[in-house]
Amino acid sequence: MGHRVLMLGAGYAGLTAARRLSTLLRHNDVEIVLVNDRTDFVERIRLHQLAAGQDLPRHELADLLAGTGVRLHCARVESIDAEERTVVADGEAIGYDTLVYALGSAGAPLPGAAEHGWSAASPAGALRLRGRLGRAGQGERVLVVGGGLTGLEIAAEIAEARPELSVALATSGGLGDWLAPAARRHLRRGFDRLGIEVREGVRIERFGPGGAVADGALVPADVSIAATGFAPNPIAAGSTLRLDDSGQVVVDAAMRSVSHPDVYAVGDAAWAMGPGGRPLRMSCSSGMPTGWIAAGEIAARLTDRRPPRLRARYFHQTISLGRRDAVVQFVTADDRPKRGCLTGRAAVRYKETLCRTAVWSFAHDLPAKPARNGALHSAA
Ligand SMILES: Cc1cc2nc3c(=O)[nH]c(=O)nc-3n(C[C@H](O)[C@H](O)[C@H](O)COP(=O)(O)OP(=O)(O)OC[C@H]3O[C@@H](n4cnc5c(N)ncnc54)[C@H](O)[C@@H]3O)c2cc1C
């Protein structure tokens, strides 16, 4: 039997890696098996739209990967034995020669969130939130906790779709305080226009029955939504793979596990050092390039070629403010804001193009040779 590459997770990073690897190794004796717990690709970066009541197009994985030779296996991964090179999924043991770990992340837990909180970080969470918002009546108070990119997008999407609700956002810092002044001003104007109350310098500790608690005081809300970051998938924590403190698999510049050289990790599930000595942040902007890098490295290893040695870098941070407005903050390779930004309709089109291009790229082979300057495509 040929070499088996087992890939876990068909999100942005896993699908990029699977498609790319199949392009690079199409005529080689390599079996690529992609395990995912559902048969469709979830556009996770649109889950705030789903939560706010919009219907998202369905993308069947079988259609996206038709003709690539990648074998899809719909099953839930339960454990990884990195010593025996075996994965258990739906009770069945599957051996591998090379493993690509791309199981993504979920919303970071906040105390009390399971009983009293809502989330748009997973498809199931977004659907539950959609159901709750569907039952919300005039003037009900929605509190989004977390002023990062995801929190901003969730608050704006709900406020635009449901102007009769009273939407607030609580952030421990200032609104968009990491953005350059022009982007920050546009964000503030957008929030004002949407009528979102901004509570800055508020560090929420937990969720309770009547809202969220900060410094022992209740911030009242009928629907409290956690957007306080992501926690990596816990499956790796049950293995002997080396992890960082948060539970991400520690990898080198080739996305290869520092403890197990036959394992690669990509996307939100991986801890990798990025440009400027800063770890890559959990995002599609990191996930797709890391999937691409891992595929190139694996293909080079299996065909005894020199690896391409590409590096992930950033170009932008894109923040949708509902369907009619957005901000695109251009950033340096190491994700620091530049002065320039796009706003309004142009920014909406920019972001929409990125979202669509990501899905398009899963269904199409891109040239087998990387660009000379080493630049990588990246999503929103
Ligand atoms: C509302 C929202 C808006 C966002 N907006 C942006 C944005 O504008 N730009 C940006 O860059 N990022 C954005 N993000 C973050 C981005 O979605 C994630 O960083 C990205 O999805 C990570 O990609 P991934 O492939 O690592 O993981 P995922 O996309 O989460 O994919 C993981 C895959 O593994 C599967 N899986 C999980 N557990 C198992 C299991 N046990 N067995 C089998 N399969 C399993 C899942 O079904 C999924 O297919 C946003 C996130 C949210 C929630």
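Derivation of every value follows stated rules applied to the coordinates shown; laboratory data play no part. Bear in mind that the values here come from a model prediction, so they are computed numbers and not experimental data. Cβ: placed from backbone, ideal geometry, glycine included. Neighbour counts: every protein chain shown.
Overview of values
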item	result
Inter-centroid distance (Cα atoms) of the range 59-113 relative to the range 223-275, Å	14
Those GluC sites (Glu not before Pro) in the range 158-226 that DSSP places in a loop and that have at most 10 other beta carbons within 10 Å	164
Computed FRET value (nearest 0.05) for residue 31 with residue 217, which takes r as the C-beta separation and R₀ as 41 Å	0.10
Cα gyration tensor shape for the chain, rounded if a/c is under 1.5, else prolate or oblate	prolate
Label-zone membership for the range 129-162, site residue 76, 7 angstrom Cα→C-beta point, backbone N under 15 Å	none
Rounded to 5, percent antiparallel among DSSP beta bridges of the chain	50
Amide H partners (placed H, <5 Å) of residue 225, local residues excluded	118, 143, 144, 145
Cα-based shape type of the range 1-129, given that a ≥ b ≥ c are square roots of the gyration tensor eigenvalues and the cut on a/c is 1.5	oblate
Qualifying trypsin sites (Lys or Arg not before Pro) in the range 94-137, DSSP loop, other Cβ atoms within 10 Å at most 10	135
Residue 205-residue 83 FRET efficiency (beta carbon distance; Förster radius 45 Å; 0.05 resolution)	0.65
For residue 212, residues with placed amide H under 5 Å, excluding near neighbours	219, 221
Over the chain, relative contact order from alpha-carbon pairs under 8 Å, at least 6 apart, %	19
Shape category assigned to the range 175-334 from the gyration tensor of Cα positions, a/c cut at 1.5	oblate
